[in-house]
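The values are calculated or read from the model by the stated rules, or taken from the named source; none is laboratory data. Source: prediction; values computed, not measured. Positions of Cβ are backbone-derived with ideal geometry, glycine not excepted, and every protein chain shown enters the neighbour counts. Surface areas here come from the heavy atoms of the whole protein model, side chains and all, with no ligands, DNA or RNA. Shrake-Rupley method; radii C 1.70, N 1.55, O 1.52, S 1.80 Å.
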Amino acid sequence: SQAASQAAGEPVVPVVPLSACLEAWAADETVSDFKSPALLGGGAGPARQSTKFKSFPPVLLVCASRYTVDASWQPKKLEVKLEVPDTLDLEHLRAPPGLDEGSPLKAGEVAMPQEAATLAASAASAASAAAAMIT
């Protein structure tokens, strides 16, 4: 226990649950100076970025990076113990369905110009594949 470690003079190592690491990975972040091709004149502004799972793999490999950089950009190892449960529910990290089948866009989102062309080509390809299966 931590109390016994402290009494023995050993350093106390914080315990970090894997769920906290996954929440930090999936947390929304703001890109303050995002240069959007959709803005006229090539302007920049804030953008929100998030990471979610579209689907879940049969096996999830996690690389626990216990290094950070300090104020002088020197690497520093974080002395922590990672608490990994036997089972893990990731359903709250699943991306919500898009507006249309196969679309990652959600209500209120607009595709960037180059993404719009890619999404249209992808939808056309899916439609022709579906038509080929029907005939």
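Among what's in the range 21-32 and is in contact with a strand residue (DSSP E or B) (Cβ under 9 Å, 6 or more places away or on another chain) and not in a loop (DSSP other than H, G, I, E, B), pick the residue that is farthest from Pro104 (Cα to Cα).
Among those that are in contact with a strand residue (DSSP E or B) (Cβ under 9 Å, 6 or more places away or on another chain) and not in a loop (DSSP other than H, G, I, E, B), it is Cys21.
Which of the residues that make up the range 74-89 are in contact with a strand residue (DSSP E or B) (Cβ under 9 Å, 6 or more places away or on another chain) and open to solvent by 80 Å² or more (accessible area, probe 1.4 Å)?
If the condition is that a residue be in contact with a strand residue (DSSP E or B) (Cβ under 9 Å, 6 or more places away or on another chain) and open to solvent by 80 Å² or more (accessible area, probe 1.4 Å), then Pro75, Lys76, Lys77, Lys81, Glu83, Val84 are the ones that fit.
Given (1) assigned to a helix (DSSP H, G or I); (2) at pLDDT 85 or above, where does Val59 come up short, assuming only one miss?
Looking at each condition in turn, Val59 falls short on (1).
Of the residues that make up the range 33-53, is at least one free of Cβ contacts under 8 Å to residues at least 60 places away in the same chain, touching a strand residue (DSSP E or B) at 6+ places or on another chain (Cβ under 9 Å), of a type in the set (Lys, Arg) and open to solvent by less than 90 Å² (accessible area, probe 1.4 Å)?
Taking every residue of the range 33-53 in turn, at least one turns out to be free of Cβ contacts under 8 Å to residues at least 60 places away in the same chain, touching a strand residue (DSSP E or B) at 6+ places or on another chain (Cβ under 9 Å), of a type in the set (Lys, Arg) and open to solvent by less than 90 Å² (accessible area, probe 1.4 Å).
Name the residue that is least open to solvent (accessible area, probe 1.4 Å), counting only residues in the range 10-32 that are more than 29 Å from Thr87 (Cα to Cα) and β-branched (Val, Ile, Thr).
Taking the range 10-32 as the starting set, the residues that turn out to be more than 29 Å from Thr87 (Cα to Cα) are 10-11, 30-32.
Okay, now just the ones that are also β-branched (Val, Ile, Thr), so 30-31.
On the way: Thr30: 102, Val31: 47 Å².
Here the answer is Val31.
In the range 54-73, which residue that is under 23 Å from Asp89 (Cα atoms) and small (Gly, Ala, Ser) is surrounded by the fewest Cβ atoms within 10 Å (Cβ to Cβ)?
Ser55
Determine whether the range 74-84 contains at least one residue that is farther than 21 Å from Trp25 by Cα and at pLDDT 90 or above.
Scanning the range 74-84 turns up at least one residue that is farther than 21 Å from Trp25 by Cα and at pLDDT 90 or above.
Regarding the range 2-17, can at least one residue be identified that is under 29 Å from Arg94 (Cα atoms) and either aromatic (Phe, Trp, Tyr) or modelled with pLDDT under 80 (or both)?
No, there is no match, as no residue in the range 2-17 is under 29 Å from Arg94 (Cα atoms) and either aromatic (Phe, Trp, Tyr) or modelled with pLDDT under 80 (or both).
Hey, any hits in the range 62-74 for a residue that's touching a helix residue (DSSP H, G or I) at 6+ places or on another chain (Cβ under 8 Å), hydrophobic (A, V, I, L, M, F, W, C) and either touching a residue at least 60 places away in the same chain (Cβ under 8 Å) or not in a strand (DSSP E or B) (or both)?
Within the range 62-74 (the criterion being touching a helix residue (DSSP H, G or I) at 6+ places or on another chain (Cβ under 8 Å), hydrophobic (A, V, I, L, M, F, W, C) and either touching a residue at least 60 places away in the same chain (Cβ under 8 Å) or not in a strand (DSSP E or B) (or both)), the answer is yes, since at least one residue qualifies.
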